[in-house]
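The values are calculated or read from the model by the stated rules, or taken from the named source; none is laboratory data. The structure presented is a predicted model; accordingly, all values stated were derived computationally and were not measured. FYI the Cβ positions are ideal-geometry reconstructions off the backbone, even for glycines, and counts take in every protein chain you see.
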Amino acid sequence: MDSIDRNILRALRVNARVSNVNLAEEVGLSPSACLRRIKLLENAGIIRGYTALVETGADSQGLAVLINITLERQTVEYLNKFEAAVRKYPEIQECYLMTGGADYFLRVEAANAVEFERIHKEILSTLPGISRIHSSFSIRNVLANRPKGRR
């Protein structure tokens, strides 16, 4: 990966819907060379996908739930089993392997407390190797999905 690839990634993080022609111009390539590099980055797994960031609005009734997970053991086998299981559930929006007090940090969004109870019972409590689940409900999102380098 060189500086042009890093510039492509930086531009796509800010606007993944930019046209290939505009992206190529921004990074100093021809459109065909830019598209070829994007395909290589996708095939290498560096670009894993594209997504839409959806504004829920200030009056949204949804809940953002931030969850610390502690595993019974921190072996490679336990970590791999847990991570494979987490990937199966679209209800889990984010999962981070952590340092510190908990092994993983998850973000889940639920329509309401009843929906989160279902997610907790049917998904979180069935994940392999868990010894502790600590959930916190967000009051309000102060800062999210801000592209790097922008304020």
message: Kindly evaluate residue 68 against the criterion of being loosely packed, with under 12 Cβ neighbours inside 10 Å and in contact (Cβ under 8 Å) with a residue 60 or more places away in the chain.
response: no
- request: Name the one entry in 123, 69 that is β-branched (Val, Ile, Thr) and in contact with a Leu (Cβ under 8 Å, 6 or more places away or on another chain).
  value: 69
Residue 14 closer than 22 Å to residue 143 by Cβ and in contact with a Pro (Cβ under 6 Å, 6 or more places away or on another chain): yes
- prompt: Which of (1) at pLDDT below 95; (2) surrounded by 15 or more Cβ atoms within 10 Å (Cβ to Cβ); (3) in a helix (DSSP H, G or I) does residue 89 not meet, given it meets every other one?
  reply: (3)
field: Of the criteria (1) modelled with pLDDT of 95 or more; (2) under 30 Å from residue 19 (Cβ atoms), which one residue 48 fails
entry: (1)
- prompt: Which condition breaks for residue 102 when tested against (1) modelled with pLDDT of 95 or more; (2) surrounded by fewer than 13 Cβ atoms within 10 Å (Cβ to Cβ)?
  reply: (2)
- prompt: Could you list, in sequence order, the residues of region 18-54 that are within 27 Å of residue 93 (Cβ to Cβ), without any contact (Cβ under 8 Å) to a residue 12 or more places away in the chain and not in a helix (DSSP H, G or I)?
  reply: 18, 44, 45, 48, 49, 52, 54
